[in-house]
Amino acid sequence: MNLTTTAAVAEISSDERRQIEPRIAEWLLEEPGHSLLGTYPQLFGDDVDVTSFGIRDEDGRIVSHAAVRRLTAWTSPGPVAVTLVGAVTTAPEARGEQHASRLLHHIADREVSAGQDAILLWSDRWEFYAKLGYAIAGTQAEVVYAPADLEPDAAARPFESRDVPALTEIHARKPWRIERDECEMRMLLEGTACDVFVLERDDRVVAYACHGKGVDLGGWWHEFGGDDADALRIGRHGMAVLGQASATWMVPPFRNELFDELLGAATEVREGAVALSKPLTEKGRRQFFVDG
């Protein structure tokens, strides 16, 4: 294959992206049995507003890819216009040509022109992204929780499609979050290979919890809605139903009571990075939290 190191970044049509998704999955998902939709529903769902960019080789084939979405993140001081970047990947035979760097520079210039406040992305390649101006966007507690007395909760049950409006409302009450409407909530909860449980009180859903999602969050409890006491109840119920003697909980920085309760049966506690961010304005320097 002939590669050109000066290839221009080009926007990829939705039709072409669908055609090359199997190749993107091969480059990006190293573990078998996972799908792009199951791991990145917010980028590869049918109804999401996503723009994809790529670099072509001299034969016209896409050899590097990145997807972009513009959303609103809520932080303690208020809303921030953020751009989520994901599925940044390059064909194995084209690596080392600085294609990913070129894509990310192009995206940053585009988002500055559009008036966005920050770019958020997820990666364990911190050194690579640091060179491009990215740093930790915020922190979370990662608690390995191993209680001795787990039992199913009579007020809890598996998530159903009819719960989407209630869960969307619960999500909107979180002080730090990415804004979601019902369509987005449905896509995230129904379109991914994750376990979702809800807690009811007086015939009303008051809390929910999510477990597992694709490659990145397999086996983790990563999203909690409701107050801290109810979040603990629904997570414990889910662990009992799934037969988990221990599990890692991803705890947001604003859930102090939940964190304190988990500590009583924790076997490990560590600080993790929420995401990486590249501030584009002063507002973009705020600390973020993004549910799984």
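The values are calculated or read from the model by the stated rules, or taken from the named source; none is laboratory data. Model, not experiment: these values are computed from the prediction. We place every Cβ from the backbone using ideal geometry, glycine too, and count neighbours over all the protein chains shown. When the accessible area is computed, the model is the full protein with side chains, heavy atoms only, and any ligands, DNA or RNA have been set aside. Shrake-Rupley method; radii C 1.70, N 1.55, O 1.52, S 1.80 Å.
Quick notes on this structure:
- Residue that is open to solvent by less than 10 Å² (accessible area, probe 1.4 Å) and not aromatic (Phe, Trp, Tyr), where the choices are Ala155, Ala94: Ala94
- Residues in the range 255-275 that are under 30 Å from Gly133 (Cα atoms) and either modelled with pLDDT of 95 or more or of a type in the set (Val, Ile, Thr) (or both): Arg255, Val269, Arg270, Glu271, Val274.
Table: residues versus (1) among the charged types (D, E, K, R); (2) more than 16 Å from Gly235 (Cα to Cα).
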| residue | (1), (2) |
| --- | --- |
| Arg157 | yes, no |
| Ser161 | no, yes |
| Ala166 | no, yes |
| Trp176 | no, yes |
| Arg204 | yes, yes |
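- Of residues in the range 1-39 being assigned to a loop (DSSP other than H, G, I, E, B), open to solvent by 50 Å² or more (accessible area, probe 1.4 Å) and closer than 22 Å to Met187 by Cα, the one modelled with the highest pLDDT: Ser13
- Close contacts from the range 36-47, counting a first residue that is closer than 15 Å to Glu182 by Cβ and a second that is open to solvent by 10 Å² or more (accessible area, probe 1.4 Å) and β-branched (Val, Ile, Thr), with Cβ to Cβ under 7 Å and a gap of 6+ residues or different chains, come to Pro41/Thr192; Gln42/Val48.
- Where strands (runs of 3 or more DSSP E) fall wholly inside the range 183-282, the ranges with 2 or more residues that are open to solvent by less than 30 Å² (accessible area, probe 1.4 Å) and over 30 Å from Leu104 (Cα atoms) are 195-201, 204-211, 220-225, 247-251.
- Taken over the range 42-67, the criterion of being under 22 Å from Leu189 (Cβ atoms) and either open to solvent by 70 Å² or more (accessible area, probe 1.4 Å) or in contact with an Asp or Glu (Cβ under 9 Å, 6 or more places away or on another chain) (or both) is satisfied by Gln42, Phe44, Gly45, Asp46, Asp47, Val48, Asp49.
- When the range 40-77 is limited to residues that are more than 10 Å from Ile12 (Cα to Cα) and aromatic (Phe, Trp, Tyr), the one that is modelled with the highest pLDDT turns out to be Trp74.
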